[in-house]
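Undergrad: Structure below; questions to follow.
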Amino acid sequence: INSIPNQMLTDEEISELEVKYGEYLSNIVLEIIENVQTNPDIIQNKKNLIEKWGCLLALDDYGSGYANDNTLLSLKPDVIKLDIEMITGIEDDGDRQILVKNIIDYAHQRGIMVLAEGIETHTQMETLISYGVDLMQGFYLARPAFDAINSIDEKIINEILDIRNK
């Protein structure tokens, strides 16, 4: 679920959500969209809900806008979603490669998963897998779909397995 950093549901809305979807709340990944400076009090309220529900917190579009190192340190997410701008051209850009490797290393040392957004080529996928990225999304893997995991082409699955086995 995408969440605007400085917006919060009312207590009544939260109660309704918990009554209606309580058994599913632990399956949620709440993505903080960093398009504005965050309000620490609202972020803390969201973190309290995340802990209560047992779901995960993701920092969306890391590397763009306000989704920067300060936000990473204060938010302490479960998942960092690397912005497409960090992924585009990674196969040919040494500086981008070093930066992404360092982010993945930093995240893994702190138990944070890294998701690469916007994978559009086999070479990008291969590069990111070799760096240890945990999760991937992009048109190369599958088009957006309600049941995306089951829409991944067998060819792509085999490519991923081949890269991981190298």
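Undergrad: Assigned to a loop (DSSP other than H, G, I, E, B) and closer than 21 Å to Asp162 by Cβ: which single residue out of Gly111, Gly118, Gly138 fits that description?
TA: Values: Gly111 fails: closer than 21 Å to Asp162 by Cβ; Gly118 fails: closer than 21 Å to Asp162 by Cβ.
Of Gly111, Gly118, Gly138, the one residue that is assigned to a loop (DSSP other than H, G, I, E, B) and closer than 21 Å to Asp162 by Cβ is Gly138.
Undergrad: Looking at Leu49, Leu9, Leu25, which is the one that is assigned to a loop (DSSP other than H, G, I, E, B), modelled with pLDDT of 85 or more and within 27 Å of Gln137 (Cβ to Cβ)? Explain how you work it out, then say what you get.
TA: Working: Leu49 fails: assigned to a loop (DSSP other than H, G, I, E, B); Leu25 fails: assigned to a loop (DSSP other than H, G, I, E, B).
Unique residue meeting the criteria: Leu9.
Undergrad: Also: When segment 3-28 is examined, which residues are found to be of a type outside the set (Ser, Thr, Tyr) and open to solvent by less than 100 Å² (accessible area, probe 1.4 Å)? Show your work before the answer.
TA: Within segment 3-28, the subset of a type outside the set (Ser, Thr, Tyr) is 4-9, 11-14, 16-20, 22-23, 25, 27-28.
Listed by number, the residues that qualify are Ile4, Pro5, Asn6, Met8, Leu9, Glu13, Ile14, Leu17, Glu18, Gly22, Leu25, Ile28.
Undergrad: Only one of Gly94, Gly118 is over 17 Å from Ala58 (Cα atoms) and not basic (Lys, Arg); which? Even if it seems obvious, please write down each step before you answer.
TA: Details: Gly118 fails: over 17 Å from Ala58 (Cα atoms).
Going through Gly94, Gly118 in turn, the sole match is Gly94.
Undergrad: How about segment 29-50: which of its residues are open to solvent by 50 Å² or more (accessible area, probe 1.4 Å) and in contact (Cβ under 8 Å) with a residue 40 or more places away in the chain? Before the answer, list the steps.
TA: If we filter segment 29-50 for residues that are open to solvent by 50 Å² or more (accessible area, probe 1.4 Å), which is where we start, we get 29, 35-37, 39-41, 44-45, 47-48.
Val29, the sole residue that qualifies.
Here's the yes/no breakdown for (1) under 20 Å from Ile28 (Cα atoms); (2) not in a loop (DSSP other than H, G, I, E, B):
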{"site": "Pro77", "(1), (2)": "yes, no"}
{"site": "Glu85", "(1), (2)": "no, yes"}
{"site": "Ile98", "(1), (2)": "no, yes"}
{"site": "Met125", "(1), (2)": "no, yes"}
{"site": "Ser130", "(1), (2)": "no, yes"}
{"site": "Val133", "(1), (2)": "no, no"}
{"site": "Phe146", "(1), (2)": "yes, no"}
{"site": "Ile156", "(1), (2)": "no, yes"}
{"site": "Ile163", "(1), (2)": "no, yes"}
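Undergrad: Filter segment 120-166 down to the residues that are among the basic types (Lys, Arg) and either surrounded by 11 or more Cβ atoms within 10 Å (Cβ to Cβ) or touching a helix residue (DSSP H, G or I) at 6+ places or on another chain (Cβ under 9 Å) (or both) and list them by number. It would help to see each step written out before you state the result.
TA: Here is the first cut: in segment 120-166, the ones among the basic types (Lys, Arg) are 143, 155, 164, 166.
Of everything in segment 120-166, those that are among the basic types (Lys, Arg) and either surrounded by 11 or more Cβ atoms within 10 Å (Cβ to Cβ) or touching a helix residue (DSSP H, G or I) at 6+ places or on another chain (Cβ under 9 Å) (or both) turn out to be Arg143, Arg164, Lys166.
Undergrad: Give segment 104-146 a look and list any residue that's more than 20 Å from Asn158 (Cβ to Cβ) and touching a strand residue (DSSP E or B) at 6+ places or on another chain (Cβ under 7 Å), or say none.
TA: Ile104, Ala107, Ile112, Met113, Val114, Leu115, Glu117
Undergrad: While we're here: What are the residue pairs meeting all of these: first residue in segment 1-17, first residue closer than 19 Å to Ile33 by Cα, second residue aromatic (Phe, Trp, Tyr) and surrounded by 13 or more Cβ atoms within 10 Å (Cβ to Cβ), Cβ atoms under 9 Å, and 6 or more apart or on different chains?
TA: Every condition considered, the pairs that remain are Pro5/Tyr66.
The values are calculated or read from the model by the stated rules, or taken from the named source; none is laboratory data. Keep in mind that this is a model prediction, so the values were computed, not measured. Because the Cβ atoms are built from the backbone with ideal geometry, glycine has one as well, and the counts that use them run over all protein chains shown. Heavy atoms of the whole protein, side chains included, go into the accessibility calculation; ligands, DNA and RNA do not. Shrake-Rupley method; radii C 1.70, N 1.55, O 1.52, S 1.80 Å.
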